[in-house]
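To start, the structure under review is shown below, and the notes come after it.
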Ligand SMILES: C[S@@+](CC[C@H](N)C(=O)[O-])C[C@H]1O[C@@H](n2cnc3c(N)ncnc32)[C@H](O)[C@@H]1O
């Protein structure tokens, strides 16, 4: 283990990350996104899962509990965090979890794989280059042929702006000091910048943007993000190129709404789409449009490249279960021909006068936070329309599919390959917490 890795281990032992359950890298979400883009994933309930840099397993343990037939493996450099995770797993009686203490660049994971899902969140950009290589090499060698991996990383151009603040904080940081003292010092420095930044200046915008997103940030996040000595953001296309060298390909973003031009620049969207020769080029351009700083990419073996489809269409819907909460802004649906808004005020809303669309939004909202299958949704919409004394239109299915497509593109619907249904235990994780 080289000195940079030893330092990293000491950092995380001294100030554990305090990781939490993350819905986006959850295998059931990854599986649904992979399916949507044409790549059929392994079944989640019996899957073999690996998390690289799992900290104390906060992300893995709820999953292991929800899916007792799954096999869950986590590896982390920090012995303190792994010991905490093992303690929690034992206290919860979880038998399907193995937490390994080691360096991903040195550990032999062969006896534990292959894995159907590999998750690496919050690690790739915060480690030395040889560890980044090891992460991709582990995905190449340990991911099952039908498997799906997830890697999150910091990206330019958004990080160019963030680097200004980070350079200021790290320049006046005392790396050898006590973690709590370093975090306090960093907060004082940010407050100082806020006090002295001229009104309307670039610096003021920078500090205000930081403060608007940092309200919930705890000391450990501050230490391992803003004060991290080693952060290596990259451009999206450079990440994709590196995948290529490991016989891997980019499949999609774990937040598919970020892949569509219409969500960034409605006016210029069509021009952007026409000018870009590939989805990759479009997404790189969108990173500039949105000044993006962070990405969560789904990655699959290169042999699956031919299956990937970016035209998200109804052909992929019949196996999916959908959940969305978009209540009528007026409080109830009017089945006349009037136009109505759906969605909470202040959030992205849908505007429609279509009976079928209104009924579909009512059905989804009534079921939230649980899912409705594609088949059940159409049946329930028919029932709702006939109950209101209306004849369902002949093209009802097409209208529902167009609505689902629009909700997916705008990021207004969740989807899964397995239903998320009410369960007896009110404390059990719902689809948004596991
Ligand atoms: C920012 S934390 C993210 C934790 C967790 N994945 C999450 O999402 O909350 C990064 C983790 O990666 C671990 N890590 C760093 N270098 C590593 C390496 N070479 N091998 C294994 N784990 C490593 C750290 O110990 C730390 O727990």
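A compact table of results
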item: Filtered residue count, segment 118-130, keeping only those that are more than 9 Å from the ligand (Cβ to nearest atom) and surrounded by 19 or more Cβ atoms within 10 Å (Cβ to Cβ); result: 3
item: Any chance residue 46 is at pLDDT 95 or above and more than 20 Å from residue 419 (Cβ to Cβ); result: no
item: Enumerated helices (runs of 4 or more DSSP H) restricted to segment 177-275, each holding at least 2 residues that are at pLDDT 80 or above; result: 179-196, 202-214, 236-245, 269-275
item: Hits in segment 40-60 - residues which are more than 16 Å from the ligand (Cβ to nearest atom) and surrounded by fewer than 22 Cβ atoms within 10 Å (Cβ to Cβ); result: 40, 42, 43, 45, 46, 48
item: Residue check, residue 186 touching a residue at least 40 places away in the same chain (Cβ under 8 Å), buried (at least 17 other Cβ atoms within 10 Å of the Cβ) and over 20 Å from the mean Cα position of the chain (by Cα); result: yes
item: Out of 107, 115, 63, sole residue that is within 10 Å of the ligand (Cβ to nearest atom) and either more than 29 Å from residue 241 (Cβ to Cβ) or touching a strand residue (DSSP E or B) at 6+ places or on another chain (Cβ under 9 Å) (or both); result: 107
item: Which listed residue, of 163, 133, is over 21 Å from residue 56 (Cβ atoms) and away from the ligand (no atom under 16 Å from the Cβ); result: 163
item: Any hit, segment 123-132, residues being under 22 Å from residue 42 (Cα atoms) and in contact (Cβ under 8 Å) with a residue 24 or more places away in the chain; result: no
item: Qualifying positions in segment 189-203 - touching a helix residue (DSSP H, G or I) at 6+ places or on another chain (Cβ under 7 Å) and surrounded by 12 or more Cβ atoms within 10 Å (Cβ to Cβ); result: 189, 190, 193, 194, 197, 203
item: Residue 295 being closer than 25 Å to residue 406 by Cβ, touching a strand residue (DSSP E or B) at 6+ places or on another chain (Cβ under 8 Å) and touching a residue at least 24 places away in the same chain (Cβ under 8 Å); result: yes
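Residues are listed down the side, and each one gets a yes or a no for (1) under 18 Å from residue 279 (Cβ atoms); (2) out of contact with any strand residue (DSSP E or B) (no Cβ under 6 Å at 6 or more places or on another chain):
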site	(1), (2)
310	yes, yes
313	yes, yes
316	yes, yes
329	no, no
346	no, yes
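The values are calculated or read from the model by the stated rules, or taken from the named source; none is laboratory data. Note that the structure is a prediction, hence the values are computed from the model and not measured. Glycine also receives a Cβ, built like all others from the backbone with ideal geometry; neighbour counts cover every protein chain displayed.
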